[in-house]
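Undergrad: Here it is, the structure in full.
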Amino acid sequence: MPETYKLKTRPIRTVLTIMAMSLFGFSTSIAQVGPREFHDQSGRMVMKAMEFSQEGNFVKATEKLKEARALDYLNSYEISTIETMMGMNAYEQNDLKAAIVHFRRAIESGGLSEAEVSTTESQIAQLLIANGQYMSGAQAFETWIKKNGSTDPRYIKYTMQAYMQAEAYKEALPWAETWFAQLETKERIDYDHMHFLYNENEMRTEQQEIIEAMLKRWPQDRNLWDSKISLLAYGGREKEAYLVLAEMYEKGLLKSERDLMRLVEYHAHYGDLEAAQNLLWEEMANGRISNSSDNLNLLDDIRNSKP
């Protein structure tokens with residue numbers, strides 16, 4: 001499989017911090033607390049936890065948040081905010097499994113707005129992937145994308161890559177095709193991904209088309225030519241494979257004796273004895289084919305076989 005795109009965790013940290021800060025607000029009166037405010041006691045405890053987090057003391061921050069979470073009068077907003085912050089602290093301590101649990105609880109508590117739920121769901125999907133749960137992460141992203149109607153190439157790529165890392169190539173393909181079509185500038189690795197997925201899904205026509213597109217951009221890439229020949233041979237199109245090999249020779253891509261002798265044999269097999277004789281003679285003279293007794297005998301046999 002081609003080298004995968006690495007999931008960057010820095011955006012996760014940034015989004016989680018902004019999310020926790022934007023959620024926070026508290027009232028000094030239990031009786032007057034609003035639907036998106038903290039009570040005085042819980043609010044002060046959470047403020048202290050935030051101070052610990054800002055100092056990098058995530059253990060103490062988590063302890064203080066657990067203390068706040070244990071209060072019996074919290075509203076859904078307070079619970080969701082505390083769970084979000086506990087998830088952020090777990091993430092900072094590289095406990096991705098715990099972070100996912102807390103973020104899910106934040107959603108389940110019912111205190112997040114629709115936009116906050118959406119943000120949290122996308123972060124859970126990324127954390128699943130970062131935690132090596134590729135299939136779950138891909139499915140979470142797929143659900144999130146369909147739910148939100150997102151066409152953001154980043155998330156489409158994340159979904160494609162996660163399915164590929166899970167070796168779910170059938171599921172990865174439609175996301176890959178959407179992502180590939182969106183790219184304004186296509187790099188070699190992008191083409192490699194499509195080639196790989198078409199091969200894994202045994203889509204030979206599409207595989208051939210992507211190879212032809214790649215050869216237009218990288219005409220001297222020997223591996224691409226070999227792939228083209230292999231694909232033709234696999235499909236029973238041996239004569240076309242022979243013609244491609246001859247084209248490679250004209251482009252100067254055949255250099256080893258083995259490759260050159262393969263073309264000589266192809267020429268002879270398809271009845272072009274003149275081409276077989278000339279190639280063998282010229283390359284023996286150039287020193288790229290050895291003047292062994294076997295090769296000299298082959299040259300004589302070709303000459304004697306000509307009408």
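Undergrad: Check Q161, Q123 and return the single one that is outside the structural domain of F58 (by TED's automatic domain parsing) and touching a residue at least 40 places away in the same chain (Cβ under 8 Å). I'd like the intermediate steps shown before the answer.
TA: Working: Q123 fails: outside the structural domain of F58 (by TED's automatic domain parsing).
After ruling out the rest, the residue left standing is Q161.
Undergrad: Against the definition (among the charged types (D, E, K, R) and out of contact with any Leu (no Cβ under 9 Å at 6 or more places or on another chain)), how does K251 come out, yes or no? Lay out the reasoning, then the answer.
TA: Working: among the charged types (D, E, K, R): yes; out of contact with any Leu (no Cβ under 9 Å at 6 or more places or on another chain): yes.
Yes, satisfied.
Undergrad: Now a separate question. For the condition charged (D, E, K, R), surrounded by 18 or more Cβ atoms within 10 Å (Cβ to Cβ), without any contact (Cβ under 8 Å) to a residue 60 or more places away in the chain and closer than 19 Å to R44 by Cα, what is the one hit in E78, E55? Let's see the steps before the verdict.
TA: Working: E55 fails: surrounded by 18 or more Cβ atoms within 10 Å (Cβ to Cβ).
Unique residue meeting the criteria: E78.
Undergrad: What is the number of the single condition among (1) surrounded by 16 or more Cβ atoms within 10 Å (Cβ to Cβ); (2) modelled with pLDDT of 90 or more that F26 does not meet?
TA: For F26, the exception is condition (2).
Matching residues to (1) modelled with pLDDT under 90; (2) of a type in the set (D, E); (3) surrounded by fewer than 18 Cβ atoms within 10 Å (Cβ to Cβ):
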| residue | (1), (2), (3) |
| --- | --- |
| V264 | no, no, no |
| Y270 | no, no, yes |
| L279 | no, no, no |
| E282 | no, yes, yes |
| I289 | no, no, no |
| D294 | no, yes, yes |
| N304 | yes, no, yes |
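The values are calculated or read from the model by the stated rules, or taken from the named source; none is laboratory data. Fair warning: this is a prediction, and the values are worked out from it, not measured in the lab. A quick note on method: Cβ atoms are made from the backbone with ideal geometry, for glycine too, and the neighbour counts reach across all protein chains shown.
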